[in-house]
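The values are calculated or read from the model by the stated rules, or taken from the named source; none is laboratory data. Note that the structure is predicted; figures quoted are calculated from it, not measured. For neighbour counting, all protein chains shown are included, and Cβ atoms are generated from backbone atoms with ideal geometry for every residue, glycine included.
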Amino acid sequence: MSMNYLNRHITKRIKAGKSTLARTIAPQIGKNNQPAEYLTFDRPTLMAAASAAPESFLTGYDSPVIIDEVQLVPELFRALKLVVDEMRITDKENANGKYLLTGSANMLALPKLADALVGRAAIMTLYPFTAAEATHNNAGGLERIMKMDFKGINDRGLSLIDAIKKATFPEVSTLTGEERRIWFDGYISSMLQRDVRQIAELEKISALPHLLSILAARTGCLMNDSDIARDIDMNHVTAKFYRSILKLMFLTFDVRPWFRNIGKRLVKTPKGYLLDTTMICHLLDYNIDEIVKTKPELFGHLVENFVATEIIKQLSNSDINAELYHFRTSDGKEVDFVLEKPDGSVFGIEVKKSESVTIQDFKGIKAFEELTGKDFAGGVVLYAGKDAVPFGKNLWAVPFFALW
């Protein structure tokens, strides 16, 4: 195992994942003491072979096969469907787990691949590092918060800003300054110029970087596609479609509004976030160490974005079965994040960047509690202080470091 490989918390739910993770644990998914074969279509010869004879390419390996950047060879998709279905008839014992596919885009956004995968695959998303992963800690921060079990939590010597810096892509988590800027420039360019073409042909593909910067400036805000369209000189239908492309490329994501048909006037517009908080600083050319004092309002949005990403990452790599929402009433009461379980129970998380909390900071959570009644399981205000403090039954002020 590579000395700089960090354990990914999703590993317990899958046998492999993207690139380094896939290569590192390939021996674990092999058979008969033979590691799985790792192939990547970043290599031109492999890409050419798979394109020329896709079925022969797939059946040419006896051991399980990890295929990285699979979206680059769409010719493989139909053959994959045929080969897997044939194996289910002729070799049931080895049919499951024969092929592990990874890619840089949402595979379900690729129509031909999505058709091949239906009923034949489990789909999991490997996000950038959580703060706990990047600092070699165990998973479980979000679970502890939802259980309101704060005994023994500590910051492990990690400040909030350091946590934000580390909770990023593995390749960039140890970089600083100019190296980080160069990496992000290359990554964004590759995603928006090469990989996006596997999803759709866009007339104004050059508008995507500008759109991404606009969304970075609006992180944590309600997504008004008409306003966004005016900023990039498009009609709102096209702007909404282009925004969906960025989501399919795992660059942005929406948090849906929580509502039930219970007579209360609630805002039913999603809020938008970027998948990586340090990317926001890159796109807006901000130094996160400086904006704490010079642009405190922006820093508040960055902290909210960080919490949003920590929640979706930890939902993906844990056994927590919950959907993420936000809550807002028409008269301005809000809860930044709501987690709802299948049984209807709900949990509220409010984010406050300051080092102190008052009962007024719970007004949105208390309004949500009143509305949801017996379904309300609890609520916390995450803040920059050091102590976990109860503010009533199932109401807590909790330091950010509970997440990591």
Top-ranked residue in the stretch 337-379 [being touching a residue at least 60 places away in the same chain (Cβ under 8 Å), over 22 Å from the mean Cα position of the chain (by Cα) and not in a helix (DSSP H, G or I); ranked as farthest from Cys221 (Cα to Cα)]: Ala377
Out of the residues in the stretch 133-166 that are over 23 Å from the mean Cα position of the chain (by Cα) and at positive phi, state the one that is surrounded by the most Cβ atoms within 10 Å (Cβ to Cβ). Met148
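With the structure loaded, tell me whether Leu298 is at pLDDT 95 or above and either of a type outside the set (S, T, N, Q) or within 30 Å of Ser354 (Cβ to Cβ) (or both) or whether it fails that test.
On the way: at pLDDT 95 or above: no; either of a type outside the set (S, T, N, Q) or within 30 Å of Ser354 (Cβ to Cβ) (or both): yes.
Answer is no for this residue.
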In the stretch 124-150, what residues are of a type outside the set (Val, Ile, Thr) and within 20 Å of Gly348 (Cα to Cα)? Gly140, Gly141, Leu142, Glu143, Arg144, Met146, Lys147, Met148, Asp149, Phe150
Residue in the stretch 303-326 that is over 18 Å from the mean Cα position of the chain (by Cα) and either at pLDDT 95 or above or surrounded by fewer than 20 Cβ atoms within 10 Å (Cβ to Cβ) (or both) present: no
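Here's the yes/no breakdown for (1) outside the structural domain of Asp289 (by TED's automatic domain parsing); (2) assigned to a helix (DSSP H, G or I); (3) buried (at least 19 other Cβ atoms within 10 Å of the Cβ); (4) within 21 Å of the chain's Cα centre (by Cα):
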site: Thr168; (1), (2), (3), (4): no, no, yes, yes
site: Val172; (1), (2), (3), (4): no, no, yes, yes
site: Ser189; (1), (2), (3), (4): no, yes, no, yes
site: Leu192; (1), (2), (3), (4): no, yes, yes, yes
site: Arg197; (1), (2), (3), (4): no, yes, no, no
site: Glu203; (1), (2), (3), (4): no, no, no, no
site: Leu211; (1), (2), (3), (4): no, yes, yes, yes
site: Thr219; (1), (2), (3), (4): no, no, yes, yes
Residue pairs, Cβ under 8 Å, 6 or more apart or interchain, first in the stretch 231-249 and without any contact (Cβ under 8 Å) to a residue 12 or more places away in the chain, second surrounded by 20 or more Cβ atoms within 10 Å (Cβ to Cβ). List them. His236/Ile228
Scanning the stretch 288-329 residue by residue, the ones that are touching a helix residue (DSSP H, G or I) at 6+ places or on another chain (Cβ under 6 Å), among the aromatic types (Phe, Trp, Tyr) and touching a residue at least 60 places away in the same chain (Cβ under 8 Å) total 2
May I ask you to say which residue of Arg180, Arg230, Arg243 is out of contact with any Leu (no Cβ under 9 Å at 6 or more places or on another chain), assigned to a helix (DSSP H, G or I) and farther than 30 Å from Ala402 by Cα? Arg230
State whether the residues of the stretch 281-300 include one that is in contact with a strand residue (DSSP E or B) (Cβ under 6 Å, 6 or more places away or on another chain) and not in a loop (DSSP other than H, G, I, E, B). no
